[in-house]
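Working notes, beginning with the structure itself.
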Amino acid sequence: EAVRMVAEGEVHFALFIMNKETYADVESLSFLCDPIILIAPLDHPWAQCSEIDPQELIEEDMIMRETSSGTFSAVREALAPFGISMNDLRILITLGNAEAIALAVQEGIGVGFVSKMVIDRLCSQKVAVVRVRGLDICREIYIGRNTRRPATSAQNAFWSFIANVENKPQDSPEI
């Protein structure tokens, strides 16, 4: 929806996760990486582990996002190198947002993958973060603009700033 709004000129800029449709007039830049992290109830055996093996995920009741979500796609892609498909997982319930998953995990219904932003904002002391050996999931978030829509000088300056930050080395003190 956000990409469509940019393409149709309804907004100047938008943040989005996945661009399933391509629009000729939408230019996008990588904006940030949103880590996706496995969480478990505080009384779950994994809550006491320093890390688990990826194959252990197959044995647990999972609470997942819907298949069209960026989180689902990121988890699917991250598990593939371990020979784990989403069909291998015991997906107990599918929910429409990460906050609902965090609350369901808190209640002990199962384990789930959510954005680190959700953990930090909603449930950092109420769930256990579980490290999965060799699994680092990053959901890329993009910012987009319509190249045919006239921009103000402030909007151009903002876009130039974002583009320049994106191209600087990670350890640059100027960022």
Check: Taking segment 120-134 as the search range and keeping residues that are touching a strand residue (DSSP E or B) at 6+ places or on another chain (Cβ under 8 Å) and modelled with pLDDT of 90 or more, which one is surrounded by the fewest Cβ atoms within 10 Å (Cβ to Cβ)?
Finding: Arg133
Notebook entry, point to check: In segment 1-41, which residue that is among the β-branched types (Val, Ile, Thr) and over 23 Å from Met117 (Cβ atoms) is least open to solvent (accessible area, probe 1.4 Å)?
Noted result: Val26
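Mind checking which residues of segment 1-48 are among the polar types (S, T, N, Q) and under 24 Å from Leu79 (Cα atoms)? Before the answer, list the steps.
Applying the first criterion (among the polar types (S, T, N, Q)) to segment 1-48 yields 19, 22, 28, 30, 48.
Result: Asn19, Ser30, Gln48.
Tally the residues that are open to solvent by 60 Å² or more (accessible area, probe 1.4 Å) and in contact (Cβ under 8 Å) with a residue 12 or more places away in the chain, restricting the search to segment 84-98. Before the answer, list the steps.
Within segment 84-98, the subset open to solvent by 60 Å² or more (accessible area, probe 1.4 Å) is 87-88, 90-94, 97.
Right, trim to in contact (Cβ under 8 Å) with a residue 12 or more places away in the chain and you get 88, 90-94, 97.
Total satisfying the criteria: 7.
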Notebook entry, point to check: Out of segment 42-83, which residues are under 16 Å from Arg131 (Cα atoms) and open to solvent by less than 10 Å² (accessible area, probe 1.4 Å)?
Noted result: Ile52, Pro54, Leu57, Met62, Val75, Leu79
Notebook entry, point to check: Between a first residue in segment 105-128 that is touching a residue at least 24 places away in the same chain (Cβ under 8 Å) and a second residue that is crowded, with 18+ Cβ neighbours inside 10 Å and acidic (Asp, Glu), which pairs have beta carbons less than 6 Å apart while being 6 or more apart in sequence or on different chains?
Noted result: Val111/Glu60; Ser115/Asp34
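The values are calculated or read from the model by the stated rules, or taken from the named source; none is laboratory data. Because the structure is predicted, anything quoted here is derived from the model rather than measured. Every residue, glycine among them, receives a Cβ derived from its backbone with ideal geometry; neighbour counts consider all protein chains shown. Note: areas computed on protein heavy atoms with side chains; ligands, DNA, RNA excluded. Shrake-Rupley method; radii C 1.70, N 1.55, O 1.52, S 1.80 Å.
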